[in-house]
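One structure is given here, and the rest of the page talks about it.
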Amino acid sequence: MDSGSMGYEDEGYSDTYWRRRAIALAAVLLTLGGAAYACTGEKPTPVKNAAATGDVSPAPTPTEVPVTALPAPPMPTVTVTVTQQATVAAPRRPGDACASGDLVANLTPVKADFAKTDAPQFRMTVVNTGRLDCTFDVGAGRFVAKIKSGSDRVWSSAHCAAAGGTSIQMLRRGIPYVGGLAWDRRRSRQGCAAPRPKALAGTYVIQAEGGGVKTPKAVFTLR
């Protein structure tokens with residue numbers, strides 16, 4: 001083989017030789033890189049597109065805050081003040097109407113038994129025990145005398161009273177008023193209307209009342 005041919009062959013051999021060396025070096029480097037990766041154990045985290053994958057993180061759940069009941073506001077205290085005004089009675093003057101508590105009255109028959117021909121008569125007294133002189137109506141229509149026999153209402157002085165049945169008297173302290181009353185022995189009713197039959201013989205009770213004053217009951221008999 002000549003020198004020209006040897007030179008060509010040497011150049012081809014040299015290129016092949018260095019390519020092989022580069023490939024071997026690359027293989028070594030690749031092997032070293034894989035070993036280093038295996039030692040670290042780390043893997044690259046792939047970046048995902050949330051819109052493309054549909055992997056949307058859920059919205060955070062709102063935290064519930066406990067509600068503490070507030071105490072009710074205190075009720076206002078209402079104070080009711082009642083003002084009582086004392087009524088002061090006007091001072092009494094002489095000639096004013098008598099206070100019922102100052103009067104003592106009586107109505108009694110002039111005798112206990114009345115014969116058939118007798119018209120029963122009664123005596124009335126009213127005494128003022130107060131400190132001042134005062135007036136009292138002793139009229140038959142105001143200080144009314146009533147005669148009963150048991151539960152039977154026989155007669156009332158108001159039924160047949162004349163002139164409105166009023167008679168106002170000035171009563172001096174301690175000095176009794178003395179008046180008289182007569183009964184015609186007939187029954188009566190409102191307005192003194194007829195008929196008015198005669199009362200039967202028997203026992204009767206008379207009593208007068210008016211102006212807050214009442215006499216004790218008095219008993220008499222008709223023959």
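The values are calculated or read from the model by the stated rules, or taken from the named source; none is laboratory data. In this text the structure is predicted, and so the values were computed from the model without any measurement. So basically every Cβ, Gly included, is an ideal-geometry build from the backbone, and we count neighbours across all protein chains shown. Calculation scope for accessible area: heavy atoms of the full protein, side chains included, ligands and nucleic acids excluded. Shrake-Rupley method; radii C 1.70, N 1.55, O 1.52, S 1.80 Å.
Got a number for residues in the range 187-218 being closer than 21 Å to Asp118 by Cβ and surrounded by 16 or more Cβ atoms within 10 Å (Cβ to Cβ)?
Number of matching residues: 8.
Quick test of your reading of the structure: Ala69 fulfils all but one of (1) modelled with pLDDT under 90; (2) open to solvent by 100 Å² or more (accessible area, probe 1.4 Å). Name the failing condition by number.
So the condition that Ala69 fails would be (2).
Of the residues in the range 150-166, how many are within 13 Å of Ala140 (Cα to Cα) and surrounded by fewer than 17 Cβ atoms within 10 Å (Cβ to Cβ)?
4
Could you tell me how many of the residues in the range 169-186 are farther than 11 Å from Ala105 by Cα and open to solvent by 50 Å² or more (accessible area, probe 1.4 Å)?
Counting residues in the range 169-186 that are farther than 11 Å from Ala105 by Cα and open to solvent by 50 Å² or more (accessible area, probe 1.4 Å) gives 10.
The conditions are (1) closer than 17 Å to Gly210 by Cα; (2) more than 48 Å from the chain's Cα centre (by Cα); (3) exposed (fewer than 13 other Cβ atoms within 10 Å of the Cβ); (4) not charged (D, E, K, R), and Gly101 fails exactly one of them. Which is it?
Gly101 satisfies all of (1) closer than 17 Å to Gly210 by Cα; (2) more than 48 Å from the chain's Cα centre (by Cα); (3) exposed (fewer than 13 other Cβ atoms within 10 Å of the Cβ); (4) not charged (D, E, K, R) except (2).
Any residue at all in the range 141-148 that is more than 16 Å from Val104 (Cα to Cα), modelled with pLDDT under 95 and open to solvent by 50 Å² or more (accessible area, probe 1.4 Å)?
no
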